[in-house]
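Chemist: Let me begin by handing over the structure; questions about it come next.
Here, each number is a calculation from the coordinates, and none is a lab measurement. Since the model is a prediction, treat every value here as computed from it, not as a measurement. Positions of Cβ are backbone-derived with ideal geometry, glycine not excepted, and every protein chain shown enters the neighbour counts.
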Amino acid sequence: MNVYRGNPSTWETGGSRTAVGIGVFDGVHRGHVAVLDGLRKRADGLPVVAMTFATHPDEVVTGVPGPPALSPLARRIELLGAVGVDGVAVIEFDDDVRQLSPEEFVKGYIVDGLNAAIVAVGDGFRFGYDAEGNVDTLRICANKFGFEVVITPIVDLHGTEVRSSVIRAAIGSGGVALAARMLGRPFEIEGIVVPGDARGRKIGFPTANITMPDCLVRPATGVYAVRCEVDGVTYDGVSNVGTRPTFGGGDETIEVYLFDVDLDLYGETMLVQFIDRLRNEQHFTSADALVTQIKSDIEQARAALEM
């Protein structure tokens, strides 16, 4: 898969015209896949390129931090490759790009950069300086520069529109099962296993403590059934997201207890998939009460992971 970066005048498509899907593609959810699937069907063998943005456009336009991501850029590129695109064009959305008129953006990136024959976007697509461009503007540009436009309606999942903002809200409220249905896979966090205070080991449940990437959306505090991957091996487990109020609280952490193994994972990269939320985080009056609850959590998590 080709990854195009930097000045679009340097992009090489091998002389071929392309089919281009444009969007932030945060999370590469079912709505994004619908755009790319529809594009592939119309492409008739042309290379399909997903055009995405390294920085969320809202962050540059408003001057305030953009929404937390569903997946970091590197993972987004991997996910786009997994759904079958032939290339990903990554635009550094900065003030220079922001200042481009809709036509300048189309000419520089879509026409000259990728030699597009077809351009697919979601319904409600906006682009160009101050988001002046819309799907009608894109169609005008298409007539001028000679490409086809495909507009994909917003995907509806049982009455809920599949949008990145809706998925973020679901995760932030603990609705990871709903988020998974909209994403087409479980919400995941990848981080490094770091030393903790070893309290889990002292009560018989050694946990791996995961660093939480600052850029990602945070799941609501609570206890979750999780599926984890370390060095290509998958493990089932249960995770607590929160401040550990039974032991005096502190910074928010992600702790994972893996079933049926006791591994030295310090320094390893762990991918944690959130399958279902089991309960709220609680304060317990004693370690024994906590152990009793953990055993119940494990039983519930095993059942959830078998479904």
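Chemist: To the nearest 20 debye, what charge dipole does the chain have about its Cα centre, counting +1 at the Cβ of each Lys and Arg and -1 at the Cβ of each Asp and Glu?
Modeler: Using only the charged Cβ atoms, the result is roughly 600 debye.
Chemist: Can you give the Kirkwood hydrodynamic radius of the range 215-307 from its Cα pairs, in Å with one decimal?
Modeler: Evaluated on the range 215-307, it is 13.9 Å.
Chemist: Around residue 2, with a cut-off of 13 angstrom between Cβ atoms, what is the net charge of the other residues, counting Lys and Arg +1 and Asp and Glu -1?
Modeler: Charge balance near residue 2 sits at -1.
Chemist: If you place +1 on the Cβ of every Lys and Arg, -1 on the Cβ of every Asp and Glu, and leave all else neutral, what size is the dipole of the range 110-166 about its Cα centre, to the nearest 20 Debye?
Modeler: Once rounded to the nearest 20, the dipole reads 80 debye.
Chemist: Identify, among 240, 211, 142, the residue whose Cα sits farthest towards the positive end of the charge dipole of the chain, taking +1 on the Cβ of Lys and Arg and -1 on the Cβ of Asp and Glu, with the dipole about the Cα centre.
Modeler: Of the options given, the answer is 142.
Chemist: Okay, moving on. Of the peptides 157-167, 116-126, how do they stack up when ordered by the mean number of other Cβ atoms within 10 Å, highest first?
Modeler: By packing density, highest mean first, the sequence is 116-126, 157-167.
Chemist: Can you work out the FRET efficiency for the pair residue 12 and residue 285, with r the C-beta to C-beta distance and R0 = 45 Å, to the nearest 0.05?
Modeler: So, using R0 = 45 Å, E works out to roughly 0.10.
Chemist: Here's another thing I want to ask about it. Would you kindly calculate the mean projected area, averaged across all directions, of the convex hull enclosing the Cα atoms of the range 107-215, in square nanometres?
Modeler: 11.1 nm²
Chemist: Given the peptides 18-31, 206-219, 279-292, arrange them by the average over their residues of other C-beta atoms within 10 Å, most packed first.
Modeler: Ranked from most to least packed, the peptides come out as 18-31, 206-219, 279-292.
Chemist: Are there any GluC sites (Glu not before Pro) in the range 104-154 that are in a DSSP loop and have at most 14 other Cβ atoms within 10 Å? List them by number.
Modeler: 132
Chemist: What value, in deg cm²/dmol to 500, does the helix sum -39500 (n - 2.57) over DSSP H runs of n ≥ 4 give at 222 nm once divided by the residues of the chain?
Modeler: Calculated from helices alone, the mean residue ellipticity at 222 nm is -8500 deg cm²/dmol.
Chemist: Kindly work out what percent of the DSSP beta bridges joining two residues of the range 2-154 are antiparallel, to the nearest 5.
Modeler: Of the beta bridges lying entirely in the range 2-154, close to 5 percent run antiparallel.
Chemist: Can you run the Rg to Rh ratio on the range 2-154? Use alpha carbon positions and the Kirkwood inverse-distance Rh.
Modeler: Rounded to two decimals, Rg/Rh equals 0.92.
Chemist: What is the spin-label model distance, in nm, from residue 98 to residue 259 if the labels are put 7 Å beyond Cα along the C-beta direction?
Modeler: 4.9 nm
Chemist: Further, regarding this structure: For the range 267-306, divide the Cα radius of gyration by the Kirkwood radius and give the resulting Rg/Rh value with two decimals.
Modeler: Reported Rg/Rh, Kirkwood definition of Rh: 1.06.
Chemist: What Kirkwood radius, in Å to one decimal, follows from the Cα pairs of the chain?
Modeler: Kirkwood radius, the chain: 21.2 Å.
Chemist: Can you tell me the order of 67-77, 176-186, 93-103 when each peptide is scored by its average per-residue count of other Cβ atoms within 10 angstrom, highest first?
Modeler: 176-186, 67-77, 93-103
Chemist: Let me ask you something else. Under 10 Å from the Cβ of residue 11, count the other residues' Cβ atoms, weight Lys and Arg +1, Asp and Glu -1, and hand me the total.
Modeler: -1
Chemist: Oh, and also: What percent antiparallel are the DSSP beta bridges of the chain, to the nearest 5?
Modeler: 65 percent
Chemist: Something else now. Rounded to the nearest 20 Debye, what is the dipole magnitude of the range 2-154 about its Cα centre when Lys and Arg each give +1 and Asp and Glu each give -1 at the C-beta?
Modeler: Computed about the Cα centre, the dipole is about 540 debye.
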